[in-house]
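Contents: one structure, followed by commentary.
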Amino acid sequence: MLRKLLSVGGFTLASRITGFVRDALLAWIMGKGILSDAFLVAFLFPNNFRAIFGEGTINPAFLPRYAALHAKERKAEAARFADQIFSWQMAAQAVILVLAMLFMPQLITLVSPGFVDNPEQFALTVSLARVTFPYLILTLVVVQLSAMLNAIDRFWAAAAWSNLLNLSMIATLIGWHWFPNAAYAAAWGVLLGGVAQLVFILWAGWKEGLWLRLTLPRWTPEVREFFVAFGAVTVGAASVVIAPFIDTVIASLLPTGSRTVLYYGDRINQLPLGVLGIALGTVLLPEMSARLARGDRAGSDRAQNRSAAMTLLLTLPFVCAFIAIPGTIMRAIFAHGAFDQGAATLAAQVLAAYGLGLPAMALLRIVSSTFYARHDTVTPMRATVIAMTCNIALKFVLVWGLGIGVAGIALSTAFGAWINVGMLTWYGRSRALLAIETVFIRALPVALLAALACGAGAWIGVDLVGKHGDIPALAAAIAIAALFYGAVLAVFRKSLPLRQA
């Protein structure tokens, strides 16, 4: 598992680095204003609809079934199943694309009602969304072929393709003077990135002998079973996506730039989540599915407990750092060009709030694999709907009831993630599906101690070097935090699941 994790984590880290460069360019060129708010709302559509119809549903509903067929050496049957699912999905996506292009003004009114009072911003957002939305249908092939590659233990291509979107946007942002404005440059970068991702994953699948063919959609027992699971997962995924749309609605009613600072705070929080949490979940689900298909419950439990221990060991240090020095992080990274110090201060509050939920967001993939690997998509859906409802209620309480403002949106998201993890854990334990083993229990105190050491090191670094500027202070914070963190791991290494992983 460690080799697979390094493969996925390495390419995901590269994606987060290119994503950081992309976001730094966005902040530098567009700052916090009408252009950035309009683009980020337009970018929300392909991002969040992909969560519903892409990884958010294909991985839980399709991958375990496809992986189980491969584990049983029923490869021809697996290929036919994949082609049928692909054909049904393409038909649905074509309808969604046409409807979205026709009714885009109504969609923008729904998700950003505050933009209606500014006709220039509203018209720009509608135009940008029509450019970015076709990205969704392009990634349909990418996401399903990625799931198929993961199911046969080929992880690198599925982890690498996301870099191409970032590189495409970087290229168009650098040449933004060739477009009507920088927002259009970023939007066209999204669409061109989707084309590049499609070409890349087709090549990667061809190398492994994997193809997706359009066929006449048929209602077979396997397809029916998939759509039952798909329906439950879609409800759960849609619930997760509803919350960001509610975030956009609320942010559009707050002062101009609120959506922008929410985005940049979340982007930094997503860095460890994407590299560590998602990588672990990506590797774990096909492994658990294959082991359970072969009747190896003990091996499945061991893999899950190692993954959960590694998740906390690798994400808790970021929580402490995001709480200890959020202002230094946001100023050093984004407070340049059009993104001013005031915007960085607001984004720092958002980062600290999001950080509180980071371990839960990462653990969600680990705990939900308990059910997805057993082809149970209803239980995670039920937990997600309840958590999402609590999340949305908390947004109104924190943003307006307690007057926290934009940081309240992020804080409610963090609380919602912990509620979701708590419910899934309770469901798993009550049904004797989720085993908490010694490897996890031994690693937990070490993870907590290492995280506190990391946060202390970050604070000390800023305190020592802060007078010389934010960039040197952040560099010192990273160095000292890494030193303290590494020292704790070295002392307590025998309690960690590193060798077993």
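Worth pointing out:
- Selection count, segment 397-443, where residues are surrounded by fewer than 22 Cβ atoms within 10 Å (Cβ to Cβ) and without any contact (Cβ under 8 Å) to a residue 40 or more places away in the chain: 16
- Screening ALA308, ALA393 for residues that are assigned to a helix (DSSP H, G or I) and out of contact with any helix residue (DSSP H, G or I) (no Cβ under 7 Å at 6 or more places or on another chain) leaves exactly one candidate, ALA393.
- Any chance ALA479 is touching a residue at least 60 places away in the same chain (Cβ under 8 Å) and in a helix (DSSP H, G or I): no
- The test for being under 19 Å from LEU316 (Cα atoms) and part of a helix (DSSP H, G or I) does not hold for TRP400.
- The single condition from (1) on the phi < 0 side of the Ramachandran plot; (2) touching a Pro at 6+ places or on another chain (Cβ under 7 Å); (3) not hydroxyl-bearing (Ser, Thr, Tyr) that ALA387 fails is (2).
- Top-ranked residue in segment 454-468 [being more than 13 Å from ILE329 (Cβ to Cβ) and touching a residue at least 40 places away in the same chain (Cβ under 8 Å); ranked as nearest to the chain's Cα centre (by Cα)]: CYS454
- Note on segment 404-431: residues that are among the hydrophobic types (A, V, I, L, M, F, W, C), at pLDDT 90 or above and not in a helix (DSSP H, G or I) amount to 0.
- Residue list for segment 484-493, filter: more than 28 Å from the chain's Cα centre (by Cα) and in a helix (DSSP H, G or I): PHE484, ALA487, VAL488, ALA490, VAL491, ARG493
- Against the criterion of being at pLDDT 80 or above and touching a helix residue (DSSP H, G or I) at 6+ places or on another chain (Cβ under 9 Å), ILE242 does not qualify.
- Within segment 63-85, residues that are of a type outside the set (Val, Ile, Thr) reach partners that are loosely packed, with under 14 Cβ neighbours inside 10 Å and not in a helix (DSSP H, G or I) with beta carbons closer than 8 Å, at six or more positions or on different chains, in the pairs ALA71/ARG294; ASP83/ARG213; ASP83/LEU214; ASP83/THR215; GLN84/THR215; GLN84/ARG218; GLN84/THR220.
- Tallying residues that are farther than 14 Å from ALA24 by Cα, touching a residue at least 40 places away in the same chain (Cβ under 8 Å) and touching a Leu at 6+ places or on another chain (Cβ under 6 Å) within segment 150-180 yields 3.
- Here the helices (runs of 4 or more DSSP H) wholly within segment 14-115 that include at least 2 residues being modelled with pLDDT of 80 or more, buried (at least 16 other Cβ atoms within 10 Å of the Cβ) and in contact with a Pro (Cβ under 7 Å, 6 or more places away or on another chain) are 75-102.
- Single match in ILE333, ILE323, ILE329 (criterion: crowded, with 24+ Cβ neighbours inside 10 Å and under 17 Å from ALA458 (Cβ atoms)): ILE329
- Test: residue in segment 134-156 that is more than 20 Å from PHE226 (Cβ to Cβ), buried (at least 20 other Cβ atoms within 10 Å of the Cβ) and among the polar types (S, T, N, Q): no
- For segment 201-221, a residue qualifies if it is closer than 16 Å to TYR66 by Cα and hydroxyl-bearing (Ser, Thr, Tyr), and exactly one does: THR220.
- Scan of segment 177-189 for residues that are over 17 Å from THR260 (Cβ atoms) and crowded, with 24+ Cβ neighbours inside 10 Å, ordered by number: GLY189
- Only one of PHE492, PHE440 that is at pLDDT below 95, among the aromatic types (Phe, Trp, Tyr) and farther than 21 Å from ALA303 by Cβ: PHE492
- Residues that are in a loop (DSSP other than H, G, I, E, B) and under 18 Å from the mean Cα position of the chain (by Cα) were ranked within segment 129-188; the one that is farthest from ALA92 (Cα to Cα) is PHE155.
The values are calculated or read from the model by the stated rules, or taken from the named source; none is laboratory data. The structure displayed is predicted, hence computed values, not measured ones. Cβ coordinates were reconstructed from backbone atoms using ideal geometry, including for glycine residues, and neighbour counts include every protein chain displayed.
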